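The values are calculated or read from the model by the stated rules, or taken from the named source; none is laboratory data. These numbers were taken from a predicted model, which means no experiment stands behind them. Don't worry about glycine lacking a Cβ; one is built from the backbone with ideal geometry, like all the others, and counts go over all protein chains shown.
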Amino acid sequence: MLNREDWLPLARKLDWEFSYVEEREVFPEIISGHPWLPHNAWKDWEESFKTSYREYVENQHEKDMAVYAVRDAVGRLENVQRLATPWINGLKVHAAALALAEFTAAIGNLRGTRFGRDSAWRAMASFGALDEIRHTQIPLLLMHELVRWDSQFDWTHKFYHTNNWLAIAARHFFDELTLGQNAIEFQIATNIVLETGFTNLQFVGLASLAHGAGDYMFEKMVTSIQTDEARHAQIGHPVLALVLRHDPEYAQYLIDKWFWRNWHLFSFLTGVTMDYLAGEQRSASFKEFMEEWIVDQFFRTLDEFGLKRPWYWDIFQDELEIYHHMMYASAYTYRSTFWFDVVVPSPDDRRWLRDKYPKHWNEIDAVWECIANHWKRSGVGAEKEMSVHSSALPAFCDMCQFPLCGGTPRKNTASVFELNGANYIFCSEPCRWIFQREPERYAAHKDLVKRILAGEAPADFTALRTEYFRLTPDTWGKDVYGGEYEWLSKEPGSS
Amino acid sequence: MPIPIYGFVEGDTMGVLILAEEGETICSLTCKLLDAVRLRVDANYQYEAVYQGDVLDPDATVLQTNLKPLQRLDLKRQHDVPEGSYNG
């Protein structure tokens, strides 16, 4: 009987030379990806995990059992109810963004399973697809029990089925990344940029904050998911290496494009949770996690490939100081347009944030001062929520689909670009650059403003919130404390 | 027909959409935009409206200033003017 090391190559290298069809018919460039190379160029494709089916099933079974054991021990409703309320709302953000996005990654991996250029790649992508189905079902299972207690958890399943503005942004991202993508771009953008880079913010950084918050269920869930990601992310490395050898400019373009797209998504998803909803147990700021996991570790990986930092590096470093603060302050004043509750940072929080983000905090702090003053003037309590809430229509970036929060309060970086008689607006220079590289991919998409102007979405704010975003008085976001902050009542000028 | 304009106010964290009527003055449009962002922006400044690099006459109408749909209009703080009230 063969030992494992001798048997695995036999079980993974299964391609034969086609006699009755052309290779380009089996692997068309439009869906296998660019550059199109004959199989001879791919035949040495290999990754480091080299898992067999039997090993895969055994390992996954053990991991699932460990998740269920933690759920039974500390993941019940009564355990969640003991967590700090802001943290629970961070949990709602992640549960909604994660579950169905993972299922789209199953579809992306299945594209690799079918259109990957070597049998070993296709075998590993098959396991990747199974991983992603697991990552879909675990959060759906764990959050389902919480729906009967808090209907906002229903958005774990509902989020991507709505036209909520955050769902539009997330779908715009995942539709391109995982559903409509050729195999090469999918594996590089997902395995390299998302999974080797940004999901570490979730699965390592946020997991450590979950531990600090006493949310051992969330910690276990994401660390269990991370063990799968670490394995199937390896698919992207040999794909990137070969693309880099044959078309380095294209490889750099894919990294630059997807780094920026991930940056804006994770700024909201993770940046807001880490800096505003994680509470006093936070050990580091979002910027510090980014510097450790992205600026240092991820770019060290890219250096090893011989890739450069993106051309917009200085812009990125500026945004690292402020973008998610711009987003959160804006979002707070539109909190009834999403499915989780938010808080005003306390004076202690603001001191901490000033210390962590000295470059622009003064400008953001002035905005929070203004919001706090409105609570003081209006009076507090749930019935005053809409007195401290905006109703003007936000404007959205035609690339990332997030509100136009680029730059600083002093100088917003949005710019308008005309194409074929239509105006497009972008929050930042990199968003505009991504659009201009592939306008045929993006130009037909209508942001929320254009849907309203075209009569496809209600112009009336109340109808927009309920009919289009599918929120109800129970589920739409509120101030966690209804404005009743102890520190607010102690400040001068409080009523 | 109202003209949709992307409005940005210095001191704010985001852009908003406002609808400008052809016959209304820039002063009126400035007030409308400041009202839209009042939760986040200290109104105790004077502002001037800037469109494509030019400071607009507050008494001119939207039609006279030739504002185009889905273009950017900025309200810039007049830093050399003592705090008090804003234009209009």
Mind checking which residues of the stretch B:47-70 are more than 14 Å from residue B:21 (Cα to Cα) and surrounded by 20 or more Cβ atoms within 10 Å (Cβ to Cβ)? B:47, B:49, B:56
Residue among A:93, A:147, A:193 that alone is of a type in the set (Val, Ile, Thr) and free of Cβ contacts under 8 Å to residues at least 40 places away in the same chain: A:147
Filter the stretch A:370-395 down to residues that are of a type outside the set (Gly, Ala, Ser) and without any contact (Cβ under 8 Å) to a residue 12 or more places away in the chain and give me whichever is nearest to the other protein chains (Cβ to nearest Cβ). A:370
Where the second residue is surrounded by 19 or more Cβ atoms within 10 Å (Cβ to Cβ) and among the β-branched types (Val, Ile, Thr) and the first is under 19 Å from residue A:490 (Cβ atoms) and lies in the stretch A:335-363, which pairs have Cβ atoms under 6 Å and are six or more apart or on separate chains? A:343/A:480
Among the numbered criteria (1) within 19 Å of the chain's Cα centre (by Cα); (2) of a type outside the set (A, V, I, L, M, F, W, C); (3) crowded, with 17+ Cβ neighbours inside 10 Å, which single criterion is violated by residue A:310? (1)
The helices (runs of 4 or more DSSP H) lying entirely within the stretch A:124-240 that contain at least 3 residues which are more than 30 Å from residue A:427 (Cα to Cα) are A:207-213, A:216-232
In the stretch B:1-18, residues that are within 9 Å of chain A (Cβ to nearest Cβ) and farther than 20 Å from residue A:360 by Cα total 6
How many of the residues making up the stretch A:279-307 are under 30 Å from residue A:385 (Cβ atoms), within 18 Å of the chain's Cα centre (by Cα) and in a helix (DSSP H, G or I)? 1
Looking across the stretch A:92-117 at residues that are among the small types (Gly, Ala, Ser) and over 28 Å from residue A:154 (Cα atoms), the single one that is surrounded by the most Cβ atoms within 10 Å (Cβ to Cβ) is A:112
What are the residues in the stretch A:358-368 that are part of a helix (DSSP H, G or I) and either in contact with an Asp or Glu (Cβ under 7 Å, 6 or more places away or on another chain) or exposed (fewer than 13 other Cβ atoms within 10 Å of the Cβ) (or both), if any? A:362, A:366
Just to be sure I understand, how many residues within the stretch A:317-334 are within 17 Å of the chain's Cα centre (by Cα) and either surrounded by fewer than 20 Cβ atoms within 10 Å (Cβ to Cβ) or touching a residue at least 40 places away in the same chain (Cβ under 8 Å) (or both)? 7
Unique match (being farther than 30 Å from residue B:4 by Cβ and either of a type outside the set (S, T, N, Q) or within 13 Å of another protein chain (Cβ to nearest Cβ) (or both)) among A:365, A:398: A:365
Could you check the stretch A:306-341 and list, in sequence order, the residues that are aromatic (Phe, Trp, Tyr) and within 14 Å of another protein chain (Cβ to nearest Cβ)? A:323, A:328, A:332, A:334
Restrict the check to the stretch A:62-71 and report whether at least one residue is over 30 Å from residue A:339 (Cβ atoms), exposed (fewer than 15 other Cβ atoms within 10 Å of the Cβ) and not hydrophobic (A, V, I, L, M, F, W, C). yes
Would you check if residue B:50 is β-branched (Val, Ile, Thr), touching a Lys or Arg at 6+ places or on another chain (Cβ under 6 Å) and modelled with pLDDT of 95 or more? yes
Residue A:302 vs. criteria in contact with a Lys or Arg (Cβ under 8 Å, 6 or more places away or on another chain), among the aliphatic types (A, V, I, L, M) and free of Cβ contacts under 8 Å to residues at least 40 places away in the same chain: no
Members of the stretch B:5-49 found to be in contact with a strand residue (DSSP E or B) (Cβ under 6 Å, 6 or more places away or on another chain), under 19 Å from residue A:402 (Cα atoms), of a type outside the set (Phe, Trp, Tyr) and not in a helix (DSSP H, G or I), listed by number: B:5, B:7, B:9, B:14, B:15, B:16, B:17, B:18, B:37
For the stretch B:50-79, give me the residue count where each residue is under 18 Å from residue A:404 (Cβ atoms) and in a strand (DSSP E or B). 7
The condition of being closer than 17 Å to residue A:71 by Cβ and of a type outside the set (Phe, Trp, Tyr) holds, among A:177, A:206, A:141, A:194, only for A:141
